[in-house]
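The structure appears right after this line, and notes come after that.
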Amino acid sequence: MEAAINELDQWLRHEFVDLNTELEEAYFAARAEILDGPDLEKIKQAIAVDGARLIARIAEAGRIPADAQERYRLLGAVGFYLAACRRHEVEPVGESLVPAWSLANRLGSSLGVAPRYVFAHQSIHNPAVRGTFLTFTSLHDEQVFIVHNGLAVLAYQRAADALRRIPPMGISNPMAAYLLEQARAALDDVLRFNRTLADELDPDRFFFNIRPYFKTYRVGAAEYRGANAGDFAAVNEIDLLLGLCAAEDPFYQHVVTEKYPYVPPEDQAPLQAAALAEPLLDVILHEATSGSIGERLRRNGELFLAVCRSHAAAYTYHHHRLVKPFLERPAEDAPQDRREDLTASGPPLDVVIGGLARLSDLRAGRDRPGLRTAGASLDRLRALLATGP
């Protein structure tokens with residue numbers, strides 16, 4: 001089994017990348033999402049058949065790794081193959097995909113996650129060998145996309161870790177100021193990484209050569225929605241711990257519940273815990289209205305508001321400078337028969353954009369018709385902190 005897994009890994013790092021890159025260069029030259037033709041079909045079949053053969057060897061061993069991290073990485077490796085087949089709209093002849101589907105289902109079931117690759121398999125669960133990690137292509141823009149989204153994930157995780165340490169010590173604790181400063185700095189890093197991504201990533205390269213690998217794909221009879229760079233617990237922990245989003249809000253419940261099978265296994269418990277935590281906004285408002293506001297509570301309250309502003313700024317920038325120009329705008333020029341298959345999450349593009357806009361308003365505390373946010377509570381806190389001693 002180990003030898004078969006290593007052989008698959010070597011293929012994914014070399015021939016797989018070369019074949020995908022050759023196809024992507026042909027697609028990009030034609031400004032097309034997909035192309036047909038005898039020469040291109042040979043390349044597509046090489047991906048489909050060679051990958052199926054290597055994965056079948058692993059499946060035939062009858063065992064899966066005992067270590068959970070190794071199982072998760074193997075799930076990602078199988079997922080890279082299945083995603084490439086979906087991207088190039090090719091499947092091996094007959095039942096050649098059955099071993100890959102069977103292995104993916106077995107791995108996903110053992111880990112309690114969806115049986116497909118997710119962004120974690122491209123970023124923080126993607127071991128580099130001599131500085132190179134698994135990618136679909138050798139295109140510079142794919143590297144830019146993975147690295148800067150991955151850095152943003154790490155920054156979100158740093159912010160969430162700081163915030164979840166505050167409730168046990170209390171919001172007015174002198175040490176909480178350090179944690180709030182850490183959370184704000186981490187969220188400022190998210191904005192910085194997003195700005196670099198917007199500056200360095202080519203919109204056309206993303207739309208034609210990166211986005212298609214994030215599509216939904218089938219594992220057996222079930223269709224699983226595509227990979228999403230936000231499939232981690234941290235950003236939702238921040239939403240809920242700050243009190244900008246509410247666990248009882250049906251819209252937000254759907255966001256968290258839908259995401260749950262697609263986050264890494266170690267993110268599932270924090271995602272559940274955040275939904276049960278008392279929001280820091282409620283805690284600080286209760287303390288501010290139950291007695292005089294001391295200098296420490298005032299200082300920590302101001303830091304708390306700064307964290308909220310940084311969280312809003314990072315996500316607002318992401319929505320307006322990454323989602324819209326890199327997905328919504330290029331989609332306007334897509335052929336009509338391709339417009340229903342543009343998103344990773346399954347629903348039509350306008351539905352996805354609408355949901356992301358709602359999240360942006362919730363995180364920024366922006367009320368609008370049909371949407372009440374934490375804006376009024378944030379304004380109340382600002383007013384309380386502005387009063388004299």
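The values are calculated or read from the model by the stated rules, or taken from the named source; none is laboratory data. The shown structure was predicted, so the numbers you read here are calculated from the model rather than taken from an experiment. When we count neighbours, we look across all protein chains shown, and the Cβ atoms used for this are built from the backbone with ideal geometry, even at glycine. The protein model used for the area step is the full one, side chains on, heavy atoms only, and it has no ligands, DNA or RNA in it. Shrake-Rupley method; radii C 1.70, N 1.55, O 1.52, S 1.80 Å.
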Residue pairs meeting the criteria (Cβ under 8 Å; at least 6 apart or on separate chains; first free of Cβ contacts under 8 Å to residues at least 24 places away in the same chain, in the range 140-156; second outside any helix (DSSP H, G or I))
Q143/T135
Residue within the range 199-213 that is within 30 Å of A162 (Cβ to Cβ) and among the polar types (S, T, N, Q) present
no
Kindly provide the set of residues from the range 184-213 that are open to solvent by less than 20 Å² (accessible area, probe 1.4 Å) and under 25 Å from N236 (Cβ atoms), ordered by number.
A186, L187, V190, N194, L197, A198, L201, I210, R211, Y213
Test set (1) in a loop (DSSP other than H, G, I, E, B); (2) crowded, with 20+ Cβ neighbours inside 10 Å - S138 fails condition number
(2)
If E24 satisfies all but one of (1) over 30 Å from A234 (Cβ atoms); (2) open to solvent by 20 Å² or more (accessible area, probe 1.4 Å), what's the number of the condition it fails?
(2)
Go through (1) touching a residue at least 24 places away in the same chain (Cβ under 8 Å); (2) within 24 Å of K259 (Cβ to Cβ) one by one and return the number of the condition S109 breaks.
(1)
Just to be sure I understand, how many residues within the range 18-49 are in contact with a Phe, Trp or Tyr (Cβ under 7 Å, 6 or more places away or on another chain) and either of a type outside the set (D, E, K, R) or closer than 14 Å to L82 by Cα (or both)?
6
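Yes/no per residue for (1) open to solvent by less than 20 Å² (accessible area, probe 1.4 Å); (2) in contact (Cβ under 8 Å) with a residue 60 or more places away in the chain:
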position	(1), (2)
A52	yes, no
E60	no, no
R63	no, yes
A68	no, yes
R71	no, no
G79	yes, no
L103	yes, no
Output the number of the condition that R86 fails; it satisfies all remaining conditions of (1) under 30 Å from P203 (Cβ atoms); (2) surrounded by fewer than 21 Cβ atoms within 10 Å (Cβ to Cβ); (3) among the basic types (K, R); (4) over 27 Å from the mean Cα position of the chain (by Cα).
(4)
I'm told N228 meets every condition in (1) in a loop (DSSP other than H, G, I, E, B); (2) open to solvent by 60 Å² or more (accessible area, probe 1.4 Å); (3) at pLDDT 95 or above; (4) not small (G, A, S) except one. Can you identify the failing condition by its number?
(3)
Single residue of the range 349-388 satisfying the filter (in contact (Cβ under 8 Å) with a residue 12 or more places away in the chain and basic (K, R)) that is least open to solvent (accessible area, probe 1.4 Å)
R363
Tell me whether the range 313-322 contains one or more residues that are under 24 Å from I34 (Cα atoms), open to solvent by less than 20 Å² (accessible area, probe 1.4 Å), modelled with pLDDT under 90 and not basic (K, R).
no
If I go through the range 254-297 residue by residue, how many of them are open to solvent by 70 Å² or more (accessible area, probe 1.4 Å) and either under 23 Å from G108 (Cβ atoms) or in contact with a Gly (Cβ under 8 Å, 6 or more places away or on another chain) (or both)?
5
